[in-house]
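Student: If you scroll down you'll find the structure; I have some questions about it.
Each value in this text was obtained by applying a stated rule to the coordinates, not by laboratory testing. These numbers were taken from a predicted model, which means no experiment stands behind them.
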Amino acid sequence: MAKSVASEQLSELVSPKVMSQSELARQLDVSPQLVSDWVHGRKTPSSGLMRKIEDLLGIPMRSWMDAVAAEEVEATEKPTGTER
């Protein structure tokens, strides 16, 4: 599975230089696997957790949330290949 723009942005923020995935998980009281799923684009954090991430990392998550929304729209607009 290709990483999404949103997961690419989050993986840049959640790095050993800024904050490790396990430290972010501990701070948010979620599993490290869940943070890994966010970073690899398998899942998306809830809006409440996005706000907590914003507070912890000290960066606005608006652009990240916009990227998530744009990817969801793009995914629904892709042709299925069954049209003639």
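Student: Pull out the extension gain between residue 54 and residue 37, defined as 0.36 nm times the separation in residues minus the alpha carbon to alpha carbon distance; nm, one decimal.
Tutor: Stretched fully, the residue 54-residue 37 segment lengthens by 4.4 nm.
Student: By how many nm would the segment from residue 74 to residue 30 grow when fully extended, if each residue of separation counts as 0.36 nm and the alpha-carbon distance is taken off?
Tutor: Length gained between residue 74 and residue 30: 13.0 nm.
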